[in-house]
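Colleague: Supplied in structure tokens, the structure appears directly below.
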Amino acid sequence: MLYPVVLAGGSGTRLWPVSRKSFPKQFTALVDKESLFQKTLLRLSGPEFAAPLVVSAEDYRFVAQEQIEALGIEDATLIVEPVARNTAPAVLTAALSMQDTPEVIMVITPSDHLIADQAAFTSALYSAKCKAEQGDIVVLGVTPDHPATGFGYLRATEIPPQAGVVLTIREFVEKPHEGKAMSMIASGNYLWNAGIFVARVDTILKAFETYAPHMMGPCKAALSLGSEDLSFLRLHHDAFEQCPSISFDCAVMERLDKCTAVHLDCGWSDLGSWQAVKDQDDGDDRGNSLVGNATAIDCENSLLKSENPDTAIVGLGLKDIIAVATDDGILVTDMAHSDQIGRSVEVLKAKKAKQAEEFRRCHRPWGYYETLSLGHRFQVKRIMVKPGGQLSLQSHVHRAEHWVVVAGSAKVTVKDQVRMMTENESTYIPLGAVHRLENPGKLPLHLIEVQSGSYLGEDDITRYEDVYNRTEDVA
């Protein structure tokens, strides 16, 4: 069997405003109803695959768990990284967690890629598996069709046209400038590095011992000193923080004496830009891709996308333009700059704009909340609590709250009073009062919360009990 190791801790910015640090692209449904993370899990499921091991970040542990459960996967292992340290520590920690089964074949994959041809992908994995059983670390490589500057490249001596062929890799080339990318493609000796690796557990561990031995101690300590937290395996914070932040490519793959690749031809895309997202859609008769409440008038080769059904986006006389609208952010750029969206995020961060990293809707293990209105000394929120969900038992120093139930049923605790509330009923939470909100029903609970006070930040919280074992200063 093949053992999937899914890396889901990244917080990419290349698809802003739809992907942000608080809810990155791997958890977003960019193409259809499943998120890219869910598509990755489905791609690596079936009788030939073992249960997945997922490595994700502290901030995304509940989102990852919820999306795993939504697929009906009950036996996944979820390792939580307390701090971001790139892919090498994640790969090493995953291998160390499986060291009692050294012969196991791992399939190490990002969680934000798209594969069009499942059969071709599975076939390539089995070609890689055969080499992995002989002690190789095998990387999957894709034939480039344009001079992408956002990908790494693999140089091979010769690349036969047929897929599934095993190749010897001579060099890893990190993201080149456009001129160099064009010359590499013209040579015919380069593949895109898909970032998917196949290897035995003991092969991975031996490679780290040989080429990155300084990482072994911190990762072993992070795992052995880690703790079970609900359904997560939480790595030890201080130990994992000692790991260098480095990619698996740089730590290991580029240093190997021998590296092999399997030629992958399966409609692969890392969806690393809005141009790549547009390329997944055949478009209308003028090459326009329209998503959501979008209208194109005399437009050509443009992407118009509205995330909010109530927000209409209209393009008039556009050519080679990307326009993406969410509730609180709008991106307009030409196709030539579609791989430079990260620059926009950096500018927004410098301006301390919340939209750089956060959405109006903030996800929590119990549901979500979103800000509807924010003014001087008041804030209005919409809160959704999932069936069975409950907020922590908490109090606030600087604000009071009014709650109005608009759908579902609520169990409300205020000080020593507990009451049930249904639609059109309301309650008042005085400043400093210990309180809790729960949904005891079988349908989602929706309520409107009006906050008033001198400070309305999310960190104004004293938590007394929490069924989710959270330590963050959040509701």
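The values are calculated or read from the model by the stated rules, or taken from the named source; none is laboratory data. On a predicted model such as this, the values are computed, not experimentally measured, just so you know. Cβ coordinates were reconstructed from backbone atoms using ideal geometry, including for glycine residues, and neighbour counts include every protein chain displayed. Each accessible area value is taken on the protein alone, full model and side chains, heavy atoms only, with ligands, DNA and RNA left out. Shrake-Rupley method; radii C 1.70, N 1.55, O 1.52, S 1.80 Å.
Colleague: Scanning for something in contact with a strand residue (DSSP E or B) (Cβ under 7 Å, 6 or more places away or on another chain) and open to solvent by 40 Å² or more (accessible area, probe 1.4 Å), does the stretch 244-257 turn up at least one residue?
Modeller: Yes, there is a match, as at least one residue in the stretch 244-257 is in contact with a strand residue (DSSP E or B) (Cβ under 7 Å, 6 or more places away or on another chain) and open to solvent by 40 Å² or more (accessible area, probe 1.4 Å).
Colleague: Condition test on ALA119, is it more than 30 Å from ALA239 (Cα to Cα) and either at pLDDT 95 or above or aliphatic (A, V, I, L, M) (or both)?
Modeller: Yes.
Colleague: On to the next question. If I filter the stretch 80-95 down to residues being farther than 20 Å from ARG43 by Cα and β-branched (Val, Ile, Thr), which single residue comes out as surrounded by the fewest Cβ atoms within 10 Å (Cβ to Cβ)? Steps first, answer last, please.
Modeller: Our first condition is that a residue be farther than 20 Å from ARG43 by Cα; within the stretch 80-95, this holds for 80-90, 92-93, 95.
So of that shortlist, the ones also β-branched (Val, Ile, Thr) come out as 80, 83, 87, 93.
On the way: VAL80: 22, VAL83: 15, THR87: 22, THR93: 26.
Among residues in the stretch 80-95 that are farther than 20 Å from ARG43 by Cα and β-branched (Val, Ile, Thr), the one surrounded by the fewest Cβ atoms within 10 Å (Cβ to Cβ) is VAL83.
Colleague: Is at least one residue of the stretch 312-319 touching a Phe, Trp or Tyr at 6+ places or on another chain (Cβ under 8 Å), more than 19 Å from ASP281 (Cβ to Cβ) and among the small types (Gly, Ala, Ser)? Step through it out loud before you land on a result.
Modeller: Pass one, the stretch 312-319, residues touching a Phe, Trp or Tyr at 6+ places or on another chain (Cβ under 8 Å): none.
Looking for residues that are touching a Phe, Trp or Tyr at 6+ places or on another chain (Cβ under 8 Å), more than 19 Å from ASP281 (Cβ to Cβ) and among the small types (Gly, Ala, Ser), one finds none in the stretch 312-319, hence no.
Colleague: Looking at the stretch 39-59, which of its residues are of a type in the set (A, V, I, L, M) and not in a helix (DSSP H, G or I)?
Modeller: Within the stretch 39-59, the first condition is being of a type in the set (A, V, I, L, M), and the residues that meet it are 41-42, 44, 50-51, 53-55, 57.
The answer is LEU44, ALA50, ALA51, LEU53, VAL54, VAL55, ALA57.
Colleague: Do you know which of the residues in the stretch 208-225 that are farther than 24 Å from ILE196 by Cα and touching a residue at least 60 places away in the same chain (Cβ under 8 Å) is surrounded by the most Cβ atoms within 10 Å (Cβ to Cβ)?
Modeller: Here the answer is ALA222.
Colleague: Find the residue count for the stretch 236-283, including only residues that are among the polar types (S, T, N, Q) and either assigned to a loop (DSSP other than H, G, I, E, B) or over 23 Å from HIS113 (Cβ atoms) (or both). Before the answer, list the steps.
Modeller: Pass one, the stretch 236-283, residues among the polar types (S, T, N, Q): 242, 245, 247, 260, 269, 273, 275, 280.
Then drop every residue that is not either assigned to a loop (DSSP other than H, G, I, E, B) or over 23 Å from HIS113 (Cβ atoms) (or both), which leaves 242, 245, 247, 273, 280.
Residues meeting the conditions: 5.
Colleague: In addition: If we keep just the residues of the stretch 350-364 that are under 20 Å from the mean Cα position of the chain (by Cα) and not in a strand (DSSP E or B), which is surrounded by the most Cβ atoms within 10 Å (Cβ to Cβ)? Working first, answer last.
Modeller: First, pick out the residues of the stretch 350-364 that are under 20 Å from the mean Cα position of the chain (by Cα): 354-364.
Among the residues that remain, those that are also not in a strand (DSSP E or B) are: 354-360.
Details: LYS354: 14, GLN355: 19, ALA356: 20, GLU357: 17, GLU358: 15, PHE359: 22, ARG360: 17.
This residue is PHE359.
Colleague: For the stretch 411-432, check the following and say yes or no: at least one residue is of a type outside the set (D, E, K, R) and under 34 Å from the mean Cα position of the chain (by Cα).
Modeller: Step one: filter the stretch 411-432 for residues of a type outside the set (D, E, K, R), giving 412-414, 417-418, 420-422, 424, 426-432.
Among the residues that remain, those that are also under 34 Å from the mean Cα position of the chain (by Cα) are: 412.
For the stretch 411-432, residues of a type outside the set (D, E, K, R) and under 34 Å from the mean Cα position of the chain (by Cα): present.
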